[in-house]
Amino acid sequence: MTEKLLQAVEKHLEDKVLSTRQYLDEITVEVSKENLLLVLSTLSDHDDFQFEQLIDLCGVDYLTYGQDEWSTSEATSSGFERGRESIQPSQTWDKPRYAVVYHLLSVTLNHRIRVRVFVEEDMMIPSVVEIWNGANWFEREAFDLFGILFEGHPDLRRILTDYGFIGHPFRKDFPVIGELEMRYDEEQKQCIYEPVTIEERVSVPKVIRKETTGPVN
Amino acid sequence: MAEIEHYTLNFGPQHPAAHGVLRMILEMDGETIERADPHIGLLHRATEKLAEIKPYNHSIGYMDRLDYVSMMCNEHAYVLAIEKLLGVEVPKRAQYIRVLFAEVTRILNHLMWLGAHGLDVGAMTMFLYCFRDREPLMDAYEAVSGTRMHATYYRPGGVYRDLPEVMPQYEKSPWRNEKKLKELNANRQGSLLDFLWDFSENFDASVDEYESLLTENRIWKQRLVGIGVVSPERAFQLGLTGPMLRGSGVAWDLRKMQPYEVYADLDFDIPVGRNGDSYDRYLVRVEEMRQSNKIIRQCIEWLQNNPGPVMIDDHKIAPPKRADVKNDMESLIHHFKLFTEGYCVPEGEAYASVEHPKGEFGIYLLSDGANKPYRLKIRAPGFAHISAMDELTKGHMLADVVAIIGTMDIVFGEIDR
């Protein structure tokens, strides 16, 4: 199934995509911002693709990609590696920080594809609401949580966070405990917002073990 | 006095027919809806962000709390995504158990939907009938996982434990006499599978009972026929999946089209509607319950004849046996490492989806090789469905909004995440 789709991608979109990757029976296509609408509308309308459904659209923040909180070294050749304290984040990501990932599904031809586009400094990405109307809320969500702006979106408002919320909570530099806490103030007789008083705590450190390899490699 | 043509009505967030915490701003012309603007996010818990700071297995319990009326189906997509990245093959028996409980969950979900939908539209009895039949399934959940709702039963590599050989029984109490007690425990004498078999034998009759109350009911039909009509083209455009898509006549079901686990070996049909209205979606879901019952019976038969492991034997992913932990040094280390650090998932990305009772429930998992997900995106079917609210309600009456919320089978746990 994926072979046929892969051939179709190579045939019709070869010069328009940056890269094509097949992994775990899934095809991922990377596109530049300039070609995004062209590629997506081809995927939606062309007879060899017929992706009539946008299943999912989400933002990704690559700020801390590949950075672990512990460095590890091997204890024995077959045993576990030992974890040691060393917090020295290394910069491993050289592409733009944000990306938008589209998951498309074709009901007619029964195949799926994933399209990724990296977001440049200006945070602007063309909206796909015209191609799939269902993208409306997904784009609002990506805007709300990551601050990605969708050019041409009819109604780009916050969707999941509270009225009057400041910031984009799913960015990696947004603390999990949040920035503001709310309480009722007896003297002012109203709810007030204050900076959080609790401290962020890591219960299990993030560890990247070098020897883990995927099923297909 | 100025003539007022349009006015704005606030619906919810605390409204019994809003199925949770839905707030809608309705722009109305008399009693006709001109525009509906749902405000969601009142139940937003940032599940995806919380998953990023926890080892993989810690988040299974969060999945139950997404769509809290179809708990195990949420877990299912999550563990499938992890297994895909790990490249793990799950034992056959575990696959059958997963399918069995996925279908039990589908019935649980549809019963909840039917009862609540009935209540919204004015059929009080349905609610009581549906909850009566949900009870044995909840007991099955409890017998297998220890909790009635938030099971955390599916694990990467299999399921937490094998099906119990005995069913818990009702105990003596001042409120029930000996005769009543015997009656209550009559179908609990054997194993869990015997108990579910007994349920499945009576369930078709129960569905007949619901249908006799609703299907030809004049009021029910008046409230549902022609309400919230979606054409197949619009359903694709709006990203509708599951019964919302099948109600419009598209025979699309992931269990058949992109089979996962053992669905390819099982015999069942996909019901489809014709007109794409609320009534057709009702018929589709009712038939789905019968088909689920059929799948449950096939799973029980297979499970009764095929004992075997329900978890993979790789202790880097699945915990070793308790007895081994006491006696064997290596098992102890495995146990310790697994429960403190967890396991690392190879770098890469995967999307796994299941045919959730509400539609396509997908998990997009992005791993950078760590013991925690780098990014987890939950594709909730309800999110796409409720975004179609404006289009579905346009031109309908205020009372139909409630019927449309009902037909969408909305649960806020998954929409707000």
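Put simply, of B:Arg176, B:Arg155 the only residue that is open to solvent by 20 Å² or more (accessible area, probe 1.4 Å) and in contact with a Phe, Trp or Tyr (Cβ under 8 Å, 6 or more places away or on another chain) is B:Arg176.
For the structure I just gave you, tell me whether B:Lys394 is more than 13 Å from chain A (Cβ to nearest Cβ) and modelled with pLDDT under 90.
yes
Tell me, yes or no, whether segment B:101-109 has at least one residue that is more than 14 Å from chain A (Cβ to nearest Cβ) and more than 16 Å from B:Ile296 (Cα to Cα). No: zero hits. Among the residues making up segment A:27-61, those that are open to solvent by less than 20 Å² (accessible area, probe 1.4 Å), in contact with a Lys or Arg (Cβ under 8 Å, 6 or more places away or on another chain), closer than 14 Å to A:Tyr102 by Cβ and not β-branched (Val, Ile, Thr) are A:Asp56, A:Cys58.
Does B:Tyr343 satisfy the criteria of being part of a strand (DSSP E or B), open to solvent by less than 50 Å² (accessible area, probe 1.4 Å) and either of a type outside the set (Asp, Glu) or under 30 Å from B:Leu111 (Cα atoms) (or both)? Break it down into steps so the answer makes sense when it comes.
On the way: part of a strand (DSSP E or B): no; open to solvent by less than 50 Å² (accessible area, probe 1.4 Å): yes; either of a type outside the set (Asp, Glu) or under 30 Å from B:Leu111 (Cα atoms) (or both): yes.
In short, no.
Pairing each residue of segment B:283-298 that is under 11 Å from B:Gly247 (Cβ atoms) with any residue that is of a type in the set (Lys, Arg) and at pLDDT below 95, provided the two are 6+ apart or on different chains, yields C-beta distances under 6 Å for B:Val284/B:Arg246.
Across segment B:350-369, what is the number of residues that are at pLDDT 90 or above and within 7 Å of another protein chain (Cβ to nearest Cβ)? Final tally of qualifying residues: 6. Of note, B:Arg297 does not satisfy the criterion of being under 21 Å from B:Gly249 (Cα atoms) and assigned to a helix (DSSP H, G or I). In the set (1) open to solvent by 60 Å² or more (accessible area, probe 1.4 Å); (2) more than 8 Å from chain B (Cβ to nearest Cβ); (3) assigned to a loop (DSSP other than H, G, I, E, B); (4) not basic (Lys, Arg), the condition left unmet by A:His153 is number (1).
Report whether or not A:Glu10 is at pLDDT below 85, of a type in the set (D, E, K, R) and over 18 Å from the mean Cα position of the chain (by Cα). Here the answer is yes, as A:Glu10 does meet what is asked. Residues in segment B:233-256 that are part of a helix (DSSP H, G or I) and without any contact (Cβ under 8 Å) to a residue 24 or more places away in the chain were compared, and the one that is nearest to B:Val284 (Cα to Cα) is B:Lys256.
Considering only residues that are part of a loop (DSSP other than H, G, I, E, B) and touching a strand residue (DSSP E or B) at 6+ places or on another chain (Cβ under 9 Å), which ones fall in segment A:175-193?
From segment A:175-193, those part of a loop (DSSP other than H, G, I, E, B) are A:175-179, A:186-189; that's our starting set.
Across segment A:175-193, the qualifying residue is only A:Glu179.
With respect to the conditions (1) among the aliphatic types (A, V, I, L, M); (2) assigned to a loop (DSSP other than H, G, I, E, B); (3) surrounded by 13 or more Cβ atoms within 10 Å (Cβ to Cβ), A:Ile125 lacks only one, and its number is (2).
Suppose the filter is under 18 Å from B:Leu114 (Cβ atoms), more than 13 Å from chain A (Cβ to nearest Cβ) and touching an Asp or Glu at 6+ places or on another chain (Cβ under 8 Å); does B:Gly242 pass it?
Working: under 18 Å from B:Leu114 (Cβ atoms): yes; more than 13 Å from chain A (Cβ to nearest Cβ): no; touching an Asp or Glu at 6+ places or on another chain (Cβ under 8 Å): yes.
Criteria not met by B:Gly242.
The values are calculated or read from the model by the stated rules, or taken from the named source; none is laboratory data. Given the structure is predicted, the values throughout are model-derived calculations rather than measurements. Positions of Cβ are generated from backbone atoms using ideal geometry, with glycine treated the same way; all protein chains shown enter the neighbour counts. Note: accessible area is taken over every heavy atom of the protein model, side chains too, but ligands, DNA and RNA are not part of it. Shrake-Rupley method; radii C 1.70, N 1.55, O 1.52, S 1.80 Å.
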